Amino acid sequence: MSNRIYNFAAGPSAMPLPVLEEAAREMTNWKGRGLSILEMSHRSKDFVGIYKETVEMLRDLYKIDDDYEVMFLQGGGHLQFAMVPLNFSSEGAGNYAINGVWSKKAFLEAQRLGKAEIAIQTENRAPRDEEIRLSKDASYFYYCSNETVNGIRYPSIPKVGVKLISDMSSDFLSQPVPINKFGLIFAGAQKNFGPAGLTVVIARKELLGKPLDKTPTMLNYETYAKSESMYNTPPTFAIYMSNLVCHWLIKEGGVEEMQRRSIAKSSHLYKVIDESEGFYINKIQKDSRSRMNVVFNLKNEALNEVFLDGAKAKNIGNIKGHRIVGGMRASIYNAVTMEAVETLAEYMKQFAADHS
Ligand SMILES: *Cc1c(COP(=O)(O)O)cnc(C)c1O
């Protein structure tokens, strides 16, 4: 497999190689049943087994208790931007922290569909608890734990007196999370959990069942809670791939080990940036720097194309920043190895030395 690149893609992103290899082995004939997962009924005993095992593994990884529902949906993070206000603004306003592209988009959608307020807005950092101003009729507080485009993470979980809702699309399964502090968390799978097409939602059961009147059946969380996510055909192949990712993650040491690795990998890259004497720039306040998406600019933006071409020659792929913010971004999710990170770090040092 030496022809594979070091893949720093932001999403869909690198998958663990053993997972891809196992899926390839099982592609045409799953466990000797004579058919592919792709060809199997979602209501078959085999597939329901995969589905249930995946839920159980997530429950084990995050120590999720029975007060919470674990659901598999479609529509990505974007559909959650709509489902959250549809399901939780019947009793008051959604209060949003905006500190990047994704939390802003979520707020704008909530404003369209229900009542939504901005509780705090910050740039280049996560807000501090004492800056957050909830409206009197606050129903929930919403934040994005890791802003994928901007490279900003919350160093701690905000303490507010209302239901806490978080978009964890890009740091899902990268660290332990005390789920019982949350009303709901969601994550599009394609960053750190599996393929595009699957969204996982973990919600406190007692909060479900009070959507706005107009809420379509498929946008009501209760529909999924009551049907074990099988009201309609779920994204079966994506669930199967995420099942393999969970097995891999447990074998590798779980979320504690992923946290340890993500600290090691991200520190390595930030060190190169900080020691480059301004050749590389990261504008994020240090305590809010993402451990998943390391964003940086070259001081001399005229070198961007040369930098990207040189990276490509070293098998380093997908480090161009998001089109909205420009610059560079190295996404270092669970499946990105330390070897890949070291290769990038060495390249960055050499490039800076060659062009200073
Ligand atoms: C990628 C991403 C999204 C958007 O996800 P889609 O699945 O494309 O809708 C939302 N929030 C965060 C934090 C993301 O990283």
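The values are calculated or read from the model by the stated rules, or taken from the named source; none is laboratory data. Owing to the predicted nature of the structure, the values given are computational and were not obtained by experimental measurement. A quick note on method: Cβ atoms are made from the backbone with ideal geometry, for glycine too, and the neighbour counts reach across all protein chains shown. Side chains are part of the model used for accessible areas, which takes the heavy atoms of the whole protein and leaves out ligands, DNA and RNA. Shrake-Rupley method; radii C 1.70, N 1.55, O 1.52, S 1.80 Å.
Remarks
- Within the stretch 223-262, the set of residues being surrounded by fewer than 18 Cβ atoms within 10 Å (Cβ to Cβ), over 20 Å from the mean Cα position of the chain (by Cα) and assigned to a helix (DSSP H, G or I) comprises LYS226, LYS251.
- For the stretch 78-117, the set of residues classified as within 12 Å of TYR142 (Cβ to Cβ), acidic (Asp, Glu) and away from the ligand (no atom under 13 Å from the Cβ) consists of GLU117 only.
- If you go through the stretch 336-353 and keep only what is buried (at least 20 other Cβ atoms within 10 Å of the Cβ) and either among the small types (Gly, Ala, Ser) or closer than 9 Å to TYR6 by Cβ (or both), you end up with VAL336, ALA340, VAL341, LEU344, ALA352.
- Every pair of residues 6+ apart whose Cβ atoms lie under 9 Å, when the first sits in the stretch 36-49 and is of a type in the set (A, V, I, L, M) while the second is open to solvent by 40 Å² or more (accessible area, probe 1.4 Å) and not in a loop (DSSP other than H, G, I, E, B): ILE37/ASP46; ILE37/PHE237; LEU38/PHE237; MET40/ASP46
- Residues in the stretch 205-222 that are of a type in the set (Ser, Thr, Tyr) and either open to solvent by 60 Å² or more (accessible area, probe 1.4 Å) or in contact with a Gly (Cβ under 6 Å, 6 or more places away or on another chain) (or both): THR217 only.
- Among (1) part of a loop (DSSP other than H, G, I, E, B); (2) within 15 Å of the ligand (Cβ to nearest atom) - the single one ILE185 does not satisfy: (1)
- Checked against the criterion of being open to solvent by 20 Å² or more (accessible area, probe 1.4 Å), closer than 16 Å to ILE98 by Cα and either at pLDDT 95 or above or not in a strand (DSSP E or B) (or both), the candidates ASN180, ASN150 yield just one match: ASN150.
- Residue count for the stretch 123-135 under the criterion of being touching a residue at least 24 places away in the same chain (Cβ under 8 Å) and assigned to a loop (DSSP other than H, G, I, E, B): the result is 8.
- Selection from the stretch 282-303 of residues that are of a type in the set (Val, Ile, Thr) and either farther than 26 Å from ARG261 by Cα or in contact with a Lys or Arg (Cβ under 6 Å, 6 or more places away or on another chain) (or both): VAL295
- Among the residues examined, ILE165 qualifies as part of a strand (DSSP E or B) and either of a type outside the set (Asp, Glu) or within 16 Å of the ligand (Cβ to nearest atom) (or both).
- In the stretch 309-333, the residues that are in a helix (DSSP H, G or I) and open to solvent by 30 Å² or more (accessible area, probe 1.4 Å): ASP309, LYS312, ALA313
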